[in-house]
Amino acid sequence: QVQLVESGGDLVQAGGSLRLSCVASGKIFTFNAVGWYRQAPGKQRELVARIDLSGSTNYADSVKGRFTISRDNAKNTVYLQMNSLKPEDTSLYYCAGEMPAYNVWGQGTQVTVSS
């Protein structure tokens with residue numbers, strides 16, 4: 001089974017930027033789509049951004065215009081570029097690869113935005 005590993009989380013000041021990476025142990029296009037999710041303590045996990053095999057993307061309203069998801073098939077990696085970060089973006093960020101019957105999840109990477 002292809003596994004996913006996230007990286008790039010850090011502590012950053014409000015207004016700053018980070019780029020998260022989600023690296024697959026095999027071919028990234030094994031998955032029908034890859035999504036970035038986040039979950040803060042006491043809150044439900046939410047979809048932040050998603051990219052499918054055709055390259056179509058969708059975003060949560062809260063991050064539109066600030067976050068960009070992209071994919072590099074040669075590197076088997078999906079990125080999440082996060083700009084104009086806000087304290088409310090603080091969360092544990094996960095990537096998930098969509099298979100027909102289940103999702104494959106990474107272990108998560110922590111993003112903390114200070115005010």
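The table below lists the values:
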quantity: Under the Debye formula (equal points on every Cα, no solvent term), log10 I(q)/I(0) of the chain at q = 0.11 Å⁻¹; calculated: -0.31
quantity: Heavy-atom accessible surface of the stretch 59-115: percent carbon and sulfur, 1.4 Å; calculated: 49 percent
quantity: Calculated FRET value between A74 and Y102, using beta carbons and R₀ = 25 Å, to 0.05; calculated: 0.45
quantity: Per residue, in Å², the accessible surface of the chain once ligands and nucleic acids are set aside, probe 1.4 Å; calculated: 52 Å²
quantity: Derived scalar couplings ³J(HN,Hα) [the stretch 64-70; Karplus, 6.51 cos²θ - 1.76 cosθ + 1.60; whole Hz; x for Gly, Pro]; calculated: 4, x, 10, 10, 9, 9, 8
quantity: Computed lengthening from Q3 to K86, 0.36 nm per intervening residue step minus Cα-Cα distance; calculated: 26.9 nm
quantity: Charge tally in the Cβ shell below 10 Å around A14, where Lys, Arg are +1 and Asp, Glu are -1, A14 excluded; calculated: -1
quantity: Burial ranking of peptide ranges 28-35, 96-103, 81-88 (average Cβ count within 10 Å, highest at the top); calculated: 28-35, 81-88, 96-103
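The values are calculated or read from the model by the stated rules, or taken from the named source; none is laboratory data. The structure displayed is predicted, hence computed values, not measured ones. All Cβ positions, glycine included, derive from the backbone under ideal geometry; neighbour counts span all protein chains shown. Surface areas here come from the heavy atoms of the whole protein model, side chains and all, with no ligands, DNA or RNA. Shrake-Rupley method; radii C 1.70, N 1.55, O 1.52, S 1.80 Å.
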